[in-house]
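Engineer: Provided herewith is a single structure, encoded as C-alpha cells, for subsequent inquiry.
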Amino acid sequence: MTTHGDTAIPAGTPAVAARTGSTEAGKDRPASTGDDSLPAALAGLRAAIGAARFPLTLPSAEPARHASGRLTDQLDDYLLPRLRRLDAPLLVVVGGSTGAGKSTLVNSLVQARVSAAGVLRPTTRSPVLVCNPADSGWFRQGELLPGLTRTTEPSEDSRTLQLVSAPALPAGLAFLDAPDIDSVVDANRALAGQLLAAADLWLFVTTAARYADAVPWELLRSARARGAVIAMVLDRVPPEAADEIAAHLSEMLAAQDLGAAPLFVLPETWVDGQGLLPDRVTAPLATWFAQLAADADARAAVVRQTLDGALAALHPAVEGLADAVDEQLAAADALDERVLAAYRGAQRTVEQGLRDGRLLRGEVLARWQELVGTGEFFRTLEARVGRFRDRVVAAVTGRPAPASELRDAIESQLVTLLRGVAAEAAENAYTGWKAHPAGAALLEPALAHPADDLPARAERLVRDWQRVVLELVRVEGGDRRFVARTAAYAVNATGLAVMIAVFASTAFIPTGLEVATGAGTTVAAQTVLQAIFGDQAVRTLATKARADLLDRVRALLNDEATRYLDRTEQARPAMDTAAALRRAAHGVEVARHRSGLADAAPDVPGTEGGGS
C-alpha cells in the first residue's frame with residue numbers, strides 16, 4: 001500500500017484467530033500464550049548464550065560476540081517481557097538515517113514537540129518514548145528495555161530512556177524515537193540497533209535523497225529475516241517526482257521480499273512554528289496508526305507476527321553461535337597440538353640420545369675410560385677397598401675420585417641435553433602459535449624460551465634419577481643369592497655402570513659406535529656386571545633405569561608445555577557449550593510451536609495488499 005499526501009487508506013482489518021486483552025484506558029490485565037514452557041525455554045536459552053565465550057582471536061569470534069550480545073539484548077529487552085504481557089501497548093520504534101526527519105514526524109503524529117529536532121547532528125542523543133498517559137505505567141516498570149534508565153527529562157546519556165506522555169496519542173500505542181542508524185557516534189548506532197530489535201513494529205523513515213543508502217537496507221533485511229512488521233515512510237519527496245521515486249522504492253522493497261510493507265510518501269513541505277508538519281501531510285499515517293490503536297485484534301496481529309518471527313529467527317542465530325564455539329574448541333585443540341608436537345619432538349630427541357650413544361661421548365666417555373681403563377672400576381667394586389681409596393685419592397690429590405667425576409659428567413651431559421631440547425621445543429611451540437591468529441594473540445616473549453628455573457629443575461631431575469638407580473641396585477642386591485655372592489661389592493660403582501648402560505640402546509652390549517668410542521673397556525665392564533647380576537638382570541636394571549629417566553624427562557617437558565597449555569585452557573569454552581546452545585535453541589523451537597503463536601498470527605492490517 002502506497003499513500004501520497006492525504007490519500008485515504010483502505011478501511012477494515014482482517015479476522016484474527018486469537019484475541020488478547022486490551023490496554024485501553026482503565027484496563028490493565030495480563031495476557032500471555034497460556035503456555036509457560038516458552039518463557040522457561042527462553043530463560044534456558046538466555047543462560048546458554050550467557051555461558052558462551054569466544055576469547056580466541058578467530059575471524060568468527062568478534063561477529064559471534066556481537067551476535068551473542070544482540071540475542072541477549074533481544075531476549076531481555078523484548079522477547080521475555082513481551083511474552084509476559086502480550087496485551088502491553090504496541091511499541092513502534094521509529095528508525096532511520098541521519099536527518100531523515102524522524103523526530104519531526106514523531107512530534108507531528110503526537111501533535112506536540114516531545115522529541116528534539118534540529119539541524120545539528122546527531123539530534124536524538126538519547127531515545128524518547130511517547131505514550132498515552134494511561135499506558136505510562138507499563139513503560140515506567142522497566143520490563144521492556146530494562147537496561148535503560150527511565151527519566152522524564154531530556155538527557156545526553158544514550159543509556160537513558162526519556163518517557164513523555166502525550167494525550168493526543170491513542171492508548172495502546174507508543175512511539176520510540178531512536179538514534180540514527182548511521183550515526184557518527186558508535187554508541188548511538190549500537191543503541192539504534194538494540195531498540196529496533198525491541199520493536200513490535202518498525203517504522204523506517206528515509207528521504208527521497210537517501211532511500212537507496214546501504215545501511216537502512218541492511219537493517220531492513222535483518223527485520224525481514226526476523227519476521228518483523230515493517231512500515232516505511234518516504235519523506236521530503238518533491239511532488240513532481242513522487243510517483244517515480246515511490247515506484248522505484250516499491251520495486252526495491254519487492255526485490256528484498258518486503259513488498260508487503262506499507263509505504264507512506266510525505267511530500268516536501270513547511271513546518272509550523274512548533275516544528276510540526278501539516279496535518280494533511282501526516283493524515284494517512286496518523287489514520288493508519290489510529291486504526292491500529294483502536295483495534296486490539298489488529299495490535300495482537302502485529303505483536304504475534306513480530307514475536308513469532310523473532311522466535312523463529314533464534315534457531316539459526318544460535319546455531320551460528322554454536323558453530324563459532326565449535327571453531328573456538330577446534331582452534332584450542334589445534335594450538336594444543338602444536339605445543340604437544342613440539343614437546344613430543346623433544347622427548348623423541350632424548351630417547352634417541354639414549355639409543356644412539358651420543359651421551360657416551362665427550363666428558364662422560366673420558367671419565368668412563370679413566371674409571372675402567374685404569375682398573376679403578378674393578379677396584380671400587382670392592383666396597384671397603386673402594387671407600388678407603390676414595391678417601392686417600394681425595395686427600396692426596398685434592399680432586400674427586402674418578403667415580404665422582406663420572407657421576408658429575410653424567411649429570412652435566414644429561415642436563416645439557418635437557419636444556420637443549422627444552423629450548424628447541426619452546427622455540428618450535430612459539431613459532432607454531434605465532435603462525436596461528438589465535439595463538440599469536442596469546443603469546444608473550446618469555447614463551448619463546450624455557451622457564452627461568454628449567455636448569456635448576458633439570459639438575460634436580462638428574463640427581464634424583466641417579467639416586468633411583470642406586471636404589472635399584474640395592475633392591476636387586478636384596479635377593480639372597482645375589483647377597484651371598486656380592487655382598488662386598490660397592491653399590492655406587494655398580495650404579496655408575498648401570499647409568500652408562502642406560503646410554504646404550506643394546507643395554508650395554510656394544511654397538512659399532514660404542515666399540516669405536518668405548519673400546520674393550522665397555523665389554524669388560526659388561527662382563528663384570530653380568531657375572532654379578534646375570535645377563536637378564538643387567539638388561540632389566542638398564543631398562544628400568546632408562547624408563548624411570550624417560551618418565552622424569554616427560555614430566556619435565558610436560559611442565560614446560562603447560563606454560564602454553566594453561567593459556568588455551570583458560571580460553572577454551574566448556575566442552576558442552578555448543579551442545580547446550582543447540583539444545584536450548586531446539587527447546588525454544590519446540591515451545592514456540594506448542595504455544596500456537598505462529599498459528600495465531602494473521603496478516604497485519606494494511607499489509608495484505610502489498611507495498612504498492
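Engineer: How much accessible area does Met252 have with a 1.4 Å probe, in Å² rounded to the nearest 10?
Structural biologist: 50 Å²
Engineer: Want the number for Asp333 to Asp356: 0.36 nm per residue separation, take away the alpha-carbon distance, what's left? Working shown, then result.
Structural biologist: On the way: separation 23, 0.36 × 23 = 8.28 nm, distance 3.35 nm.
Difference between extended and current length: 4.9 nm.
Engineer: Cα gyration tensor of region 182-224, axes a ≥ b ≥ c as square roots of the eigenvalues: rounded (a/c below 1.5), prolate (a/b > b/c) or oblate? If you can, show how the numbers build up before the last one.
Structural biologist: Numbers: a/c = 1.85, a/b = 1.14, b/c = 1.62.
Taking the square roots of the gyration eigenvalues as a ≥ b ≥ c, region 182-224 is oblate.
Engineer: When every alpha-carbon pair in region 215-306 is counted, what percent end up more than 19 Å apart?
Structural biologist: Values: 2165 of 4186 pairs.
Beyond 19 Å sits 52 percent of the P(r) for region 215-306.
Engineer: Could you work out what % of the accessible surface of region 155-300 is carbon and sulfur, using a 1.4 angstrom probe and leaving DNA, RNA and ligands out of the count? It would help to have the intermediate numbers written out before the result.
Structural biologist: Numbers: 2910 of 5420 Å².
Reported share for carbon and sulfur atoms: 54 percent.
Engineer: Provide the packing ranking of 153-164, 308-319, i.e. peptides ordered by the mean count of other C-beta atoms within 10 Å per residue, highest first. Walk me through the numbers on the way to the answer.
Structural biologist: Working: 153-164: 16.1, 308-319: 19.2.
Order by mean packing, descending: 308-319, 153-164.
Engineer: Once label points are set 7 Å from the Cα along Cα→Cβ at both Asp566 and Thr57, what is their separation, rounded to one decimal in nm?
Structural biologist: Result: 2.1 nm between the two label points.
Engineer: Per 0.36 nm of contour for each residue apart, how much would the distance between Asp157 and Glu251 grow if the chain were fully extended, relative to their Cα-Cα spacing? Spell out each step's value before the answer.
Structural biologist: Numbers: separation 94, 0.36 × 94 = 33.84 nm, distance 3.89 nm.
My answer for the length gained is 29.9 nm.
Engineer: Here's another thing I want to ask about it. Could you work out how much longer the chain between Asn558 and Arg467 gets when fully extended? Use 0.36 nm per residue separation minus the Cα distance between them, nm to one decimal. Could you put the intermediate results ahead of the total?
Structural biologist: Values: separation 91, 0.36 × 91 = 32.76 nm, distance 2.22 nm.
Residue separation times 0.36 nm, minus the Cα-Cα distance, leaves 30.5 nm.
Engineer: Ala440 versus His586, label points 7 Å from Cα toward the beta carbon: distance in nm?
Structural biologist: Here the modelled spin labels are 3.9 nm apart.
Engineer: From the phi of every residue in region 70-78, what ³J(HN,Hα) in whole Hz does the Karplus formula 6.51 cos²θ - 1.76 cosθ + 1.60 yield, where θ is phi - 60° and glycine or proline is x?
Structural biologist: Going residue by residue, I get 5, 5, 4, 4, 5, 5, 6, 7, 10 Hz, with x marking Gly and Pro.
The values are calculated or read from the model by the stated rules, or taken from the named source; none is laboratory data. This is a predicted model, so every value here is computed, not measured. Heads up, the Cβs are rebuilt from the backbone with ideal geometry, glycines too, and the neighbour counts pull from every protein chain shown. These area figures cover heavy atoms from the full protein model, side chains too; ligands, DNA and RNA do not enter into them. Shrake-Rupley method; radii C 1.70, N 1.55, O 1.52, S 1.80 Å.
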